[in-house]
Every structure is written in C-alpha cells, then in structure tokens.
Amino acid sequence: MKKIAVLGYGTVGSGVVEVLETNKEAVAKKAGDEIEVKYVLDLKDFPGTPIEHKVVHDINIILDDPEIVVVVEVMGGVEPAYTFTKNALLKGKSVITSNKALVAAKGAELLEVARERNLNFLFEASVGGGIPIIRPLNSSLTADKVNEITGILNGTTNFILTKMASEGSDFASVLSEAQALGYAERDPSADVEGYDACRKIAILSSIAFGKNVNYENIYTEGITKITDKDFMYAKAMNKSIKLLASSKDDNGKVYAIVAPMMISPEHPLYNVNGVVNGINVNGNMLGDVMFIGAGAGKLPTASAVVTDVIDAIKHDGKNVACFWSKEELKLSDIQESVKRFFVRIADSVEKSSVEAVFGKVNVIEIMKGEYAFVTEPMSEAKYSECASKLDGIITRIRMDR
Ligand code: HSE
C-alpha cells in the first residue's frame, strides 16, 4: 500500500480522491500497488464526507510522516504551495501538482531539487487539464527539434470567443454567461487578460526548448478588446478569432506571444471550439502533431494528476528526466516578428492614404462608418511605425496562418 497526501480539497483535490476511488483496481494494477489517500490538508473540515477523518490543518503532520511517499499539491497560487512543495521534496517525497502559477514561477528550481534527490516533481495537469502534453514533449517527441508550439490553452476564453463567433454576441454578455455556467471565475482577469495562457506557454516552451522561459517576458494581450464587429469581419473573410499562445524558434531566435489572432479554416486550431483546449506542436522531422481535449474541469484535470501519481510510484527512487534547465532562454524582441495585420479604420481616412503608408493592402467593406484592411507581412515594429502615421485606426488584430 502506497500512502499519499492531497494538499487542497477544492475542485481538483476532490477530483483526485474521486478518480482514485472510482478507478481503484485499475490504478493499483498500473502503479503495482494500492494507493491510499492518508491525509487531506485544507483550511476547512469536511464533516460527513468520506475524507472527514483524513483532514489535517498542519502541513508538518504530512511532512513528518515517513509513510507518505507522494504529495499532491492542488491548492493553486505560488504561496504557500511553493514552500510546501519544496519542503516535501526536501523531506524525500515526490510532488505532483496541477498548479500552473507554481510551475511557471518555480518549475526549474523544483525540478532541480527533485533531480538531486532522485525524486519526481511532475505537473502534467498544469497545462491543458486532462490532455497529455507535458509527458509527450518530455518523452515522445524527443527525436525532434521543436520549431513551434501554438495552443489554445485557456478554456474560458475559448468558450467566450466561440460564443461570440456563433451567436454574434458581445464580449460582456458572453462573459456573464460563462460566469453563470461556472466556466469563468468571478474575477476573470487571469483568463481574459491572457495571464493564464501566458504561464502555460512558458511551461511548454521551457520543456520544448530545454531552458527556463520567464513568463514575465512573454508579450501578452487578452481578449477584452475583441468586439462583435471584429467577428462580423472575421465571418465575412471566412476566418475565426482565437486566443493563441505561441512560441516559435525562428533560426535560433525564439519568439513567444499570447494574443488574439485571426486564423483561417486551414489552421490546425480553427476547429477547436468551446471550453476545449488544443495544442499544435511542429517538429523538424515530425511536422505538425495535435493534442485536443478537456483543458479544464474536475475529473479531466484529476485524471492527469493521478497519472502523475502512478508515474511517481512506478519510478520510486528514480528521477524521470525533464528537459527544463535553470539556464534562462532569452526571448527575442517581439517587435522583430513578422505577421500580417487586420486593421479597422474610420471611413474618413482615404484608402489611398492607407496604401501610401502601408503599401498594398486588401480592403474589406461590410459596415457603415468604417472599413478594414489586411496588410502584407510586416514586423510588429514596422506596423507600429505605419499605424502611428494614420489617424482613425479603430483596432488591429494579428493574423496567423
Ligand atoms: N481557467 C482555466 C481555463 C482553468 O479556463 O482554462 C484551467 O487551467
């Protein structure tokens, strides 16, 4: 019997207990031993629930118990999760987490602590919920040099953008609906401002490129400025708008960005709709490979956590290599990266003035008072320089393939 502790009995923590109970026999077979949750750490008590006699409020009870071989951290936030995780590793316990804030901020350091002690620090559930993506990057795609990872990594914003596209609704009313359905938090800023996706692409990039990507250096733009009018243009152009989180290795220069992008039906992520997440990895030998599935939610996320628990138990005393070193990966200035831009502009501006500044553009006219144009590929810096020469620009959205 292997004994584990779960830190945090919220959505994911209760899901972990449920997965372990529901799939008890299958899990035991795969782990080579039965797994029992000995403790649940939480601020609250849970009287009348199956875990009521397992609840503890003092982390030291868990840290000082030699029977505990794996600690599952599903509290969220950097502190006290970081201190608890590090102390658990220092006490000889492997740690599994679903906490992207912790992994993005402290992943390289915690991996090193685990490596030095022949333990494991595993975090499959921190990106893409139930979708296997960390393990494939770490162990299945290792023959390739990753050229690009582009993902829809946030279910809440994908739900909002999908609804805006299909129903022509405005951002605020779809956000309220998402909150009522429990998809969006009451404070939705981490999702709608792109911060959640930013941390997730930092984690994926750190593994794919083998060096630590500081999420604070990733250019991040959310979806709060996307309007129903932008979707009217997208529809007229047979395109969609998605919040993409992307990192690309362009001949040794790595660019990373989180921003809404206009994409075509040929784009691998075009049909990833609703709360679903999708991740496209492009390798230099493999080409494109896609991962799609439930990017959030209690049981899908808990399933990924339990998979890591099984892996840690199978690899007792042996560190599973993770290609993420502490060395910093210097990201290249996004201003140098090249894209086409979709631009909406007041119709008081002559098209000849637009072409005088931007060169040849494709014009789209579908509503009164304004029109839109798509530029030729140009750098972000060049776009900003051109845009500063024109009054009347309403908005701009980057275009991906
Ligand atoms: N808020 C996140 C999302 C939860 O909407 O995708 C999963 O990390």
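The values are calculated or read from the model by the stated rules, or taken from the named source; none is laboratory data. These numbers were taken from a predicted model, which means no experiment stands behind them. We place every Cβ from the backbone using ideal geometry, glycine too, and count neighbours over all the protein chains shown.
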Here is a check on your reading of the model: is residue 194 within 12 Å of the ligand (Cβ to nearest atom) and within 20 Å of residue 262 (Cβ to Cβ)? yes
Members of segment 199-226 that are among the charged types (D, E, K, R), within 14 Å of the ligand (Cβ to nearest atom) and either free of Cβ contacts under 8 Å to residues at least 40 places away in the same chain or under 11 Å from residue 108 (Cα atoms) (or both): none
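Report whether or not residue 310 is among the β-branched types (Val, Ile, Thr), modelled with pLDDT of 95 or more and more than 22 Å from the chain's Cα centre (by Cα). Write out each step before concluding.
Details: among the β-branched types (Val, Ile, Thr): yes; modelled with pLDDT of 95 or more: yes; more than 22 Å from the chain's Cα centre (by Cα): yes.
Taking the combined requirement at face value, the residue satisfies it.
Could you count how many residues in segment 78-122 are within 12 Å of the ligand (Cβ to nearest atom), outside any helix (DSSP H, G or I) and either touching a strand residue (DSSP E or B) at 6+ places or on another chain (Cβ under 7 Å) or of a type in the set (A, V, I, L, M, F, W, C) (or both)?
Within segment 78-122, the first condition is being within 12 Å of the ligand (Cβ to nearest atom), and the residues that meet it are 98-101, 103-104.
Imposing the further condition that a residue be outside any helix (DSSP H, G or I) reduces the set to 98-99.
With either touching a strand residue (DSSP E or B) at 6+ places or on another chain (Cβ under 7 Å) or of a type in the set (A, V, I, L, M, F, W, C) (or both) added as a condition, the list becomes 99.
Selection size over segment 78-122: 1.
Output yes when any residue across segment 231-246 is in contact with a Lys or Arg (Cβ under 6 Å, 6 or more places away or on another chain), surrounded by fewer than 22 Cβ atoms within 10 Å (Cβ to Cβ) and more than 17 Å from residue 156 (Cβ to Cβ), and no when none is. Walk me through how you get there before you give the answer.
Keep residues of segment 231-246 that are in contact with a Lys or Arg (Cβ under 6 Å, 6 or more places away or on another chain), which gives none.
The answer is no; no qualifying residue exists.
Taking segment 8-60 on its own, how many of its residues are hydroxyl-bearing (Ser, Thr, Tyr) and assigned to a strand (DSSP E or B)?
So in segment 8-60, the residues hydroxyl-bearing (Ser, Thr, Tyr) come out as 9, 11, 14, 22, 39, 49.
Remaining after also requiring assigned to a strand (DSSP E or B): 39.
Total meeting the criteria: 1.
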Among (1) away from the ligand (no atom under 16 Å from the Cβ); (2) out of contact with any Leu (no Cβ under 6 Å at 6 or more places or on another chain); (3) not in a helix (DSSP H, G or I), which single condition is residue 130 missing? (1)
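Which residues, counting only those in segment 133-154, are within 14 Å of the ligand (Cβ to nearest atom) and modelled with pLDDT under 95? Please lay out each step first, then the result.
Let us first name the residues in segment 133-154 that are within 14 Å of the ligand (Cβ to nearest atom), namely 133-134, 151-154.
If the condition is that a residue be within 14 Å of the ligand (Cβ to nearest atom) and modelled with pLDDT under 95, then no residue fits.
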If you check every pair at least six apart or on different chains, which have Cβ atoms under 6 Å apart with a residue in segment 259-276 that is in a strand (DSSP E or B) first and a residue that is modelled with pLDDT of 95 or more and among the hydroxyl-bearing types (Ser, Thr, Tyr) second? 263/240; 263/270
